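Reading through the structure tokens given below for one structure.
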Amino acid sequence: MLKIGLFSKLSRISIRMLRYYDENGLLTPGEVDPATGYRYYHESQLMEAERLLALREMGFGVEAMGAILRAYQDPEALGQFLRVRREELRAELEKTRQRLALLETTLERVGKDGMIMKYNVTVKELPRRQVASLRSIIPGYWQEGELWGRMMTETAGQNLQIAEPCYSIAIFHDKEYREENVDVEVQMAVKGSYRDTDSVRFFTAEPQTIASVTVQGSYQQMGRVNQVLASWIAGNGYEINGSMFNIYHVGPAQTADESQWVTEVCMPVEKK
């Protein structure tokens, strides 16, 4: 039998962790002296300790360790645990690579672009959602508000229930910047079922992977934001695969103070 201190030294597991594993039923001492409370381990338990070390190095938590140890004699079950963890590690590695690429891109631009840290780019998934949508050709981008007004007017009798988050979105469908007659769609996330109107359609918008920048203030900075966003996408292994759009978190409908407007500028993307 080995005292806990010696067992700790031979197994390379701290006494604190040995006690923790004991509390969770992963590695119970072979004997405990009832008079002194001293813990003793069998030499054969060094093999169990080695398994725990290996599982910990793979990143398994205590609960998973217990399940794996119970399945240790079942190669099929053990293999399934390990395959799941392998996929988790691959996903973590991909996230780390993306973060590293972002750091590299930022480092290259430090000192060259004084605005680089003002606009932070994130990649995320816009979830599936039920929307009210109105798409139309309008004289210019500045008249987007008319689309929102028409949507509210045509759906007023249906008592729309706004989803949370609302996702008030304007999608710009033209392939190029146009001086006039622009193709714009406004969307608002809703919950419940409603009838289409003359201009407003209700449908389920599918999930999208987007790169986005959230900014506060007037819309005059959008050209600069678009430049930063497009440059980031090109420098981080993505490509644009859809129409750009804005999510209005705080806009003219909430306050006339443009310094308080919060807009998320979004571009659908996919990995090259």
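Details
- Put a dot 7 Å past the Cα of Ile137, heading toward its Cβ, do the same for Asn181, and the two dots end up 0.5 nm apart.
- Computed over the alpha-carbon atoms, the range 40-181 gives an Rg to Rh ratio of 1.24, Rh here being the Kirkwood radius from the mean inverse distance.
- Carbon + sulfur, % of accessible area of the chain - ligands and nucleic acids excluded, 1.4 Å: 51 percent
- The value obtained for the range 9-48, namely the Cα convex hull volume divided by the number of residues, is 71 Å³ per residue.
- Fully extending the segment from Lys272 to Thr209, taken as 0.36 nm per residue of separation minus the present Cα-Cα distance, adds 21.4 nm.
- Where N is the number of residues in the chain, Cα Rg divided by 2.2 N^0.38 Å: 1.55
- Residue-by-residue Karplus 3J(HN,Hα) for the range 131-140, coefficients 6.51, -1.76, 1.60, Hz, glycine and proline x: 10, 9, 10, 9, 10, 7, 8, 10, x, x
- GluC sites (Glu not before Pro) restricted to DSSP loop in the range 1-58 with at most 15 other C-beta within 10 Å: Glu43
- For Gly30, distant residues with modelled amide H under 5 Å away: Tyr40, Tyr41, His42
- Whole-number D in µm² s⁻¹ for the range 1-101, Kirkwood Cα-pair radius fed into Stokes-Einstein, 37 °C, 0.692 mPa s: 216 µm²/s
- Each of Gln161 and Ile15 was given a label point 7 Å from its Cα along the Cα-to-Cβ line. The distance between the two points is 6.0 nm.
- Kirkwood Rh and Cα Rg combined as Rg/Rh, the range 176-252: 0.99
- Between the range 116-192 and the range 22-68, the Cα center-to-center distance that results, in Å: 57 Å
- For the chain, the solvent-accessible area of protein heavy atoms averages 60 Å² per residue (probe radius 1.4 Å; ligands and nucleic acids excluded).
- Among 2-10, 83-91, the order from most to least packed when residues are scored by Cβ within 10 Å on average: 2-10, 83-91
- Percent of Cα-Cα distances greater than 14 Å, calculated over the range 145-213: 67 percent
- A compact globular protein would have a Cα radius of gyration near 2.2 N^0.38 Å; the ratio found for the range 138-272 is 1.10.
- What the phi angles of the range 150-160 give under the Karplus curve with 6.51, -1.76 and 1.60, with θ = phi - 60°, is a coupling list of 5, 4, 5, 5, 6, 9, 4, x, 9, 6, 4 Hz, glycine and proline written as x.
The values are calculated or read from the model by the stated rules, or taken from the named source; none is laboratory data. Keep in mind that this is a model prediction, so the values were computed, not measured. With ideal geometry, Cβ positions are generated from the backbone for all residues, glycine too; neighbour counts draw on all protein chains shown. Just the protein is used for accessible areas: all its heavy atoms, side chains included, with ligands, DNA and RNA removed. Shrake-Rupley method; radii C 1.70, N 1.55, O 1.52, S 1.80 Å.
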